[in-house]
Structures are given as C-alpha cells and as structure tokens.
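Peer 1: Handing you a structure now.
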Amino acid sequence: MSREDYRRKRDLLKSGEPDFERAVGDSRAIFVVQLHHASSRHFDFRLQVGDALKSWAVPKGPSFDPKVKRLAIEVEDHPVAYADFEGDIREGYGKGHVDLFDRGVWSTQQDARSQLAKGHLRFELFGEKLKGGWHLVRSHRKQRQPAWFLIKDEDRHAGDREANDLLDDKSIESTRLAARTPKERAVARKAAVAGRSRKPAAKSGARRGRRQRPEPSRLTGARRARADPGFFKPELARLQDSPPEGDQWLHEVKWDGYRILTAIADGTINLWSRNALSWTDRLPEIVRAIGEMGLESARFDGELIALQDGRSDFNLLQKTLSGEASAPLMYMLFDLPYLEGFDLSRTPLLERKDLLAGLAGRNRGRLGFSSHWIGEGERVFALATDQEFEGIVSKRIDSPYRGGRGGDWIKIKRLASDEFAVVGYTPGKGQREGFGALLLARPDGAGGWRYAGRVGTGFDDRALRKLARELAGGAAKRPVVPISGVDPLLRNARWVAPRIVAEVYYRGIGNHGLLRQPSLKTIRQDKAPKDLKDSDRGKARAASKRKSSRERASSKVEIDITHPDRVIYPENGVTKQAVADYYASVMDRFLPGVIDRPVSVLRCPAGTSQACFFQKHEIAGLDHVGEVTLEEESGSRAIYLYPENATSVIELVQFGVLEFHPWGATIAQPDLADRIVFDLDPGDDVAWSRVVAAARLVRKLLDRIGLESFVRTTGGKGLHVVLPLDPPCPWEQVKSFTQGFAKSIAGMHPMEFVATSTKRIRRGRIFIDYLRNSRGATSIANYSLRARKGAPVATPLRWSELGKLGSGADYDIHSIQRRLAKLRKDPWSGFATLRQDLAAVMQELDR
C-alpha cells in the first residue's frame, strides 16, 4: 500500500494532514495507535518500517487477551510525521477527529519487511498502554483490502483488558462529539464509558513486586554516600595487542555497541552516553527493565547492543537507533559502582560483579550480565576469536572503579581496528555516488592531526549518500586544520573540519604511517574527534574545574605555540606568535568578557588567506579549555567550549583561533541573559557618521527608559551598543524587549533603520540587529581580533570617543597597544557592577 495511494486519496492542503518526509530521521522506529472518529469509529495501528508508517485499521481496537483475534485491515502507508497528528481531518477521505491513543518504540527479532511479506510479523511494543509481544497474521479471507489479525502474545502483559478500557476523558469526549445526532452521541458516550467499568489488570513497572533488597554494606570498601542522578565519568580501557596473563585478571567479551551509564536516585532512572548526553528518552525498554529491579538508587555501567545470531552487531544497532531497523536492544551490565546508598567505587571489581550478577539475573529480558573468566587470557581470547566476537576486555579483579583511562582495564581486539577523524574526501568516480574515499587523520599529540590514509570500502549506498550530505558543507581545496604527512598526490581532494569519527579495520601500518588495506567498520555516532586522544596523553583537569573563576583566571600554564612563524595576516605580516603575544598582552582586559561563557570561535589554522571556520563544540586535543553539556533548541544535548582562564585562551590560539564570540550568558545560568547587544550593521553605501549618529540615538532612547548602555567597535563596519543586566533575565523576555525596541526605532525612522535582515531592503539604511539576543546567539568579545584584512580589533569605547573615529575598524593589533598604553581608566568602567533590572523596566513600560 504505497505512499502514492496516500496522496491520491487526499487533498493534503484541505485535510491538514502531513506529507511524507524525504528521509529517515535519527530516532528509533516508532509505533503509534490513533483513535479515529471517521464515518465509523476505529483504531489506526501504525508501525514505522523505514521511512513510512505501515498502517492497519482495527475496528474494535487492540485486545490484551491472547485468545482474541482482532481484525486489522491494511491501509495505505502513512508519513512518519503522521504519528504527531491529532485534531480534525477537515475534508475528504477519513474526515473526522483523530486522537492519540498510544505511542512508543517497537522491535522485532527478524527483518520486518520479510516477515510482512511472509504474512506473520512477530514484534514487541514499548508504549504507555501497549506493551509486550504481539503478532500480525495475514488472513486468507478475500477482501477488497488485505486483512490481518492483531493478536496479543501470551506474556506477563496479557490480560482481559480491551482498548476501550484505557480511553481517557479526552477520547471519550471526542467519541461523543464525533457522533452525528443527539441519539447517536448518547449511545456513543455510553459505549465508550462502559468499557471503563471492567476491572483493570494489575499495574506493572518499577514498583511491581518489591524484591528482597541487596546488602551492599557488606562489601569491602563500601561507604555510605548520597545518590546522584547525574552523569558520572566512565572507566576506559587501553588497547594492547595481547591479553595479560595471571589469575589477577578477569576477561569479558568485548561487546560491540554504545557505552551507556545508568544513574538511579529516589527511584528515578537516568541513562547517559559516555559523552554525558541523556539517552533516557531514547531507550524506554531499557528504562523499564531497570525499573523492574525495584531499586531506589544505583549506578550501572554497561554496553547497549543489538544482537544478531547471538553476537552484537554494531551496524544493526546504529540502524535501529536511526529508525532504519527495529532490532531488539539489550543492555549488557558489567559494573556496579554504587548501590542503595553505598559508594562501591573502592570495592574490588570481583565483589562488585558478584553483586551485579544477582541483580541482573532478576531480569532476563532487556538486561544481561557480562560474565567473565578468571585467568587464562590467551585461551579466552582464542575462544572469542573462534566465535567471531570483536575481542575481549581484561580487568584487574581487585581494582576499584575509576573514571578515565588507567591501566586496570585493557581491551584486545580480534581484528585490528581504530578510530580516526574524517578530515576530507576524494571525488567519486564512474558510478560511485557521493565520494570515492574518506581521508583519515589521528591526533599528532601537539594539537594538530597526522594524515593516516584513506578508506574507500565498506560503505553501503545509504551510508554513501548520508555521509556525502554531511561532508558537502564547508569543504575546501586545502586542509582546514593543521595536518602533517598529507599525501602530495591528493590534488583533487576536498577537505573538511574534523566532525565525524570513522572506525576502520586495517591490516597493519605501512610506509609513512599509513593504514594498510583499510575497510570501514562503522561511523561512530557516539563519539567525536575530541575522544581521539593518544594513550599517553590525557592530562586530568578536574582540579582546575573545582577552582573559582578568580583563581582559574589567574592560573597560567605555558602553552607551546607550534609554527610560530606562520603568517596569519599576510597583508601586514602578523604571525601566529604575534597573535598569541597580542592576546597575552590584553588578557586582563579580554578575559572578563569570555571567562565561563560558552563561546563560538573562528579558527584560521593556515591564516586569513585560507579557509576559516566557526566552531562551538569540542575540539580534539584541548587540555585546558572547559567543556559544558547544554541543551540545544532541538532538545538534544551537545558539548560546548568555554574559556576557564588565560591558559584556555592561549591554547585556543594555538589551535588557530582568531575570533572569540561569547554567549550573553554564563555556563552557570545558560537560560538567563546578563547582557544585551544591539548590532548596528550599515549597508554598503552608509556613511560612518550616520552609524555614529544611530548609536547615539539608540543610547538616548535606552536612557529614556532607564537603561544605561556602552559602545564598542566591531572591528568591521558597524558598532555594538551593549547593556549589562543584573539580575539576569530569561531569554524569552530579552528577545521580546529587543525585538520590540528595534522595530520601534525602525518604525520611527524608516529612512535610517530597518529591523529585518533581508539584504534587498537594507540598501542605504542601518540594520538594527536584535537577533543576537537569544539563547545560543553570540557577539564578538571586547578586544577580540577579527579575521579581516589588517587584523582589526573589537574595541570598547567611551561614548565621547565616537566622533574621533573614522570607522569601526580603526583599531588593529598594533594601534590598540598604543591606545591601551595611554588609557588611565577602563572605557567601560562600571559595566560589571551596574545593576539594571530589565523585567522591572518592561513592567514599567506596560503601565
């Protein structure tokens, strides 16, 4: 039942229903059940298979009784976006009201399309209402549309309930309103409510059937400690060629999946990736399985895997997490650093695993215990190799649990493989779509990268197309980051910033340190180039992070500037060392504007005459720059950079950074703005005198409503008018104020100002840009260099100085030093201590 049938039966503009997306997203395959009040009331049962929802109309709704076969009429495929559809289909086919009945993820042991083609799909649902195993079996009845039977599996979720038993008041009201006459409405309401009188089945979940509590207090080294629901740093393994010998080591299968950390506090379960990203919502079946242990507090360490023929299959796992497949997922547990009020991180590993084995044994569905062998490492590795596992992990039996890469855990792989940053690609040839090969690099230990070779095999067509789309943006003809050892024959290569990590099989290292016979194993969606650290590097920064801002600002570590003679600004010969010296000389003035703020930085590793690129997320090889995990507008979480001290700034300069663009908020309060920036951006034919007059007008109007402002050059054509806020203010309120203020000025002076960014209407006018005042937006920092001709500097001014300037780029890397030498007082004196309450001002304006 194709998507063409879906479009043919509907006028989507009139019905209000969604159309098909172009591609599968990056989320799990879902199921959805909708209650459809059409000409005849029925339930629509939908399973995502690839990029569509396979759909069946179930007149009486799903039954939890395995003896009941519910008729399910196959209908046309629906868009995945239809899962979010609720409301009225206004006209045409299916006219009526649609309510959401249930939604979740689903899985199946075998390929879904093959099972459907054979006429029997076995699957499992993980919804709020529909849970456990189910069957769709094709009927042999000859009907106009294919008929199936929806049948509940015989499991602990089975019972005598019906779908009507689980309707909420909203659905009942929709049932009543969908009926066409008063009599029909009364009958419909009575029928809908009647189903609720049946005795509900016992609830299942985390509190069902409390079990005997474990006794962690008896373990060696156990200490009482408060439960923490947050992320904890995982212990990591070092790679070596052969397993260690002796009975002081235990050996586990190396599971090929994603590392997942579990933190339980007060019965609430949180799942974290190894990069501190929340995975709780992505894995409802794992959360449910952990909840059934009945624990109040715990920490688990383990690996999320997809099983195929008894072995973990990483590609299948990735396809399942992206919605392309629906394989069952398992969480293989291998450590227990905390349990029921006791910190077990100092408890010997063998004791922790003995306790964990008892806990994991309580749930044989989605949880597994990673068993082990003590001693005989070579024999265990040989067995793992014979059975085609990825390898083994060897651990000291008496070791504590310590975050980071120490020497207590060692991994030995069956096939040589490693992870590399993708730094470019070669064009495709002949029938090859997307690209020919990926260009790989590994960290060189000095902040840069070393070329490792190319990989052009191991891709399927879908991976080729997806990677080609991801790599297309920002590609350049020359390397965009420092890369040593590049093959001079790569004349037609396209180069990109390291964003993607590829895991590659290879048959040893050949001449010039290049991989021999490499083949792609997978793209590691759970890792970033930041994770690719040399094993002998990995300096701890925990002590630094515990210091106060003032202590960290004064701390200094010498950073070696590599390639100090590299010319960064060719028009005036400014070198990389000169850039570092500049930032060191203005550090006391520059640092207060960026310290402890998320920043976007502009990197020009080869100088301003070559490719430059913005970066706001983690950069591989940084040891002294802070990282903070923040939620983005999409709801996902990402790791952002922020300067901790002077050393952070110089290290970023070593990595090619010229410009610093901080948020208008700190890492401690990312949802509250503590400054506002109005960017006065003139059109090409606007005289500088008009820009100065515009800034003075903005100041005057702000002063009228009780807000003091400050001014700086941008190092370009315009000026910034900046207001400190104390107390900080929510971003929505800031955005509302700045938008209204900008549009008000543009309305009063339409020949001078415009408040929209459209290029064609900005000619001869000044764009008053308020868009920098939203969460995640940035603006140039005081005393930051600009990657523009002449090395100009964004410079804070006294208002009285505006008339003395000839442009927003008057001060550069040389002249700023002369200015600072003459200054007796900070031009922005009082900025940091000024109290002005935007909320109070807006409240006054509304009176």
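Peer 1: Among Leu845, Leu823, Leu838, Leu834, which is open to solvent by less than 20 Å² (accessible area, probe 1.4 Å) and of a type outside the set (S, T, N, Q)?
Peer 2: Leu838
Peer 1: A further question follows. Given Lys735, Lys759, Lys743, which one is over 22 Å from Met842 (Cα atoms) and either open to solvent by less than 10 Å² (accessible area, probe 1.4 Å) or modelled with pLDDT under 95 (or both)?
Peer 2: That would be Lys759, the only listed residue that is over 22 Å from Met842 (Cα atoms) and either open to solvent by less than 10 Å² (accessible area, probe 1.4 Å) or modelled with pLDDT under 95 (or both).
Peer 1: Also, quick follow-up: Here's a check for you: in the stretch 341-357, which residue that is in a loop (DSSP other than H, G, I, E, B) and open to solvent by 20 Å² or more (accessible area, probe 1.4 Å) is nearest to Gly403 (Cα to Cα)?
Peer 2: Once the filter is applied, the top-ranked residue is Ser345.
Peer 1: Of the residues Pro482, Pro570, Pro488, Pro564, which single one is open to solvent by 50 Å² or more (accessible area, probe 1.4 Å), modelled with pLDDT of 85 or more and over 26 Å from the mean Cα position of the chain (by Cα)?
Peer 2: Pro570
Peer 1: If we only count strands (runs of 3 or more DSSP E) wholly inside the stretch 51-168, which ones have 1 or more residues that are among the hydroxyl-bearing types (Ser, Thr, Tyr) and modelled with pLDDT of 90 or more?
Peer 2: Ranges flagged: 52-58, 96-107.
Peer 1: Now a separate question. I'm trying to understand the selection: among the residues of the stretch 609-625, which are part of a strand (DSSP E or B) and either open to solvent by 40 Å² or more (accessible area, probe 1.4 Å) or basic (Lys, Arg) (or both)?
Peer 2: Passing the criteria: Phe614, His617.
Yes/no matrix, rows are residues, columns are (1) part of a strand (DSSP E or B); (2) touching a strand residue (DSSP E or B) at 6+ places or on another chain (Cβ under 6 Å); (3) over 27 Å from Pro214 (Cβ atoms); (4) open to solvent by 40 Å² or more (accessible area, probe 1.4 Å):
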residue: Leu359; (1), (2), (3), (4): no, no, no, no
residue: Gly365; (1), (2), (3), (4): no, no, no, yes
residue: Gly368; (1), (2), (3), (4): yes, yes, no, no
residue: Glu378; (1), (2), (3), (4): no, no, yes, yes
residue: Phe381; (1), (2), (3), (4): no, yes, yes, no
residue: Thr385; (1), (2), (3), (4): no, no, yes, yes
residue: Phe389; (1), (2), (3), (4): no, yes, yes, no
residue: Ser394; (1), (2), (3), (4): yes, yes, no, no
residue: Tyr401; (1), (2), (3), (4): no, yes, no, no
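Peer 1: Here's something else I'd like to know. Please tell me if Ala687 is farther than 29 Å from Val496 by Cβ and in contact with an Asp or Glu (Cβ under 9 Å, 6 or more places away or on another chain). Before the answer, list the steps.
Peer 2: Values: farther than 29 Å from Val496 by Cβ: yes; in contact with an Asp or Glu (Cβ under 9 Å, 6 or more places away or on another chain): no.
For Ala687, the condition - farther than 29 Å from Val496 by Cβ and in contact with an Asp or Glu (Cβ under 9 Å, 6 or more places away or on another chain) - is not met.
Peer 1: Now, a different point. Among the numbered criteria (1) more than 26 Å from Leu415 (Cα to Cα); (2) more than 27 Å from the chain's Cα centre (by Cα); (3) at pLDDT 85 or above, which single criterion is violated by Ser549?
Peer 2: (3)
Peer 1: Residue under question is Ile705, and the condition is that it be touching a residue at least 40 places away in the same chain (Cβ under 8 Å), under 22 Å from Asp588 (Cα atoms) and surrounded by fewer than 22 Cβ atoms within 10 Å (Cβ to Cβ); does it hold?
Peer 2: no
Peer 1: Let me ask something else. Among (1) at pLDDT 90 or above; (2) of a type in the set (Gly, Ala, Ser); (3) open to solvent by less than 20 Å² (accessible area, probe 1.4 Å), which single condition is Ser417 missing?
Peer 2: Ser417 satisfies all of (1) at pLDDT 90 or above; (2) of a type in the set (Gly, Ala, Ser); (3) open to solvent by less than 20 Å² (accessible area, probe 1.4 Å) except (1).
Peer 1: Another one. Could you tell me which of the residues Lys69, Lys60 is over 24 Å from Thr108 (Cα atoms) and surrounded by fewer than 18 Cβ atoms within 10 Å (Cβ to Cβ)?
Peer 2: Numbers: Lys69 fails: over 24 Å from Thr108 (Cα atoms).
Among Lys69, Lys60, only Lys60 is over 24 Å from Thr108 (Cα atoms) and surrounded by fewer than 18 Cβ atoms within 10 Å (Cβ to Cβ).
Peer 1: Could we say that Glu470 is of a type in the set (Asp, Glu), closer than 27 Å to Arg311 by Cα, touching a strand residue (DSSP E or B) at 6+ places or on another chain (Cβ under 8 Å) and touching a residue at least 24 places away in the same chain (Cβ under 8 Å) here?
Peer 2: For Glu470, the condition - of a type in the set (Asp, Glu), closer than 27 Å to Arg311 by Cα, touching a strand residue (DSSP E or B) at 6+ places or on another chain (Cβ under 8 Å) and touching a residue at least 24 places away in the same chain (Cβ under 8 Å) - is not met.
Peer 1: For the stretch 783-805, name all the residues that are in a loop (DSSP other than H, G, I, E, B) and out of contact with any helix residue (DSSP H, G or I) (no Cβ under 6 Å at 6 or more places or on another chain). I'd like the intermediate steps shown before the answer.
Peer 2: Going through the stretch 783-805, the residues in a loop (DSSP other than H, G, I, E, B) turn out to be 783-784, 786-791, 794-795, 798, 805.
Within the stretch 783-805, Ser784, Arg786, Ala787, Arg788, Lys789, Gly790, Ala791, Ala794, Thr795, Arg798, Leu805 qualify.
Peer 1: In the set Asp102, Asp88, Asp77, which member is out of contact with any Cys (no Cβ under 9 Å at 6 or more places or on another chain) and open to solvent by 30 Å² or more (accessible area, probe 1.4 Å)? Outline the logic, then answer.
Peer 2: On the way: Asp102 fails: open to solvent by 30 Å² or more (accessible area, probe 1.4 Å); Asp77 fails: open to solvent by 30 Å² or more (accessible area, probe 1.4 Å).
The unique qualifying residue is Asp88.
Peer 1: For residues in the stretch 746-756 being among the small types (Gly, Ala, Ser) and crowded, with 18+ Cβ neighbours inside 10 Å, which is nearest to Pro682 (Cα to Cα)?
Peer 2: From the stretch 746-756, those among the small types (Gly, Ala, Ser) are 746-747, 755; that's our starting set.
Right, trim to crowded, with 18+ Cβ neighbours inside 10 Å and you get 746, 755.
Working: Ala746: 13, Ala755: 12 Å.
Out of the qualifying residues, it is Ala755.
Peer 1: In the stretch 395-430, how many residues are touching a residue at least 24 places away in the same chain (Cβ under 8 Å), more than 24 Å from Gln525 (Cα to Cα) and charged (D, E, K, R)?
Peer 2: 5
Peer 1: Looking only at the stretch 229-279, count how many residues are among the charged types (D, E, K, R) and part of a loop (DSSP other than H, G, I, E, B). Give the steps one after another, and end with the answer.
Peer 2: Just the residues of the stretch 229-279 that are among the charged types (D, E, K, R), to begin with: 233, 235, 238, 241, 245, 247, 252, 254, 256, 259, 266, 274.
Adding the requirement that they be part of a loop (DSSP other than H, G, I, E, B) leaves 233, 241, 245, 247, 254, 256, 266, 274.
Matching residues across the stretch 229-279 total 8.
The values are calculated or read from the model by the stated rules, or taken from the named source; none is laboratory data. None of the values given here were measured: they were computed from a predicted structure. With ideal geometry, Cβ positions are generated from the backbone for all residues, glycine too; neighbour counts draw on all protein chains shown. All accessible areas refer to the heavy atoms of the entire protein, side chains included, with ligands and DNA or RNA removed. Shrake-Rupley method; radii C 1.70, N 1.55, O 1.52, S 1.80 Å.
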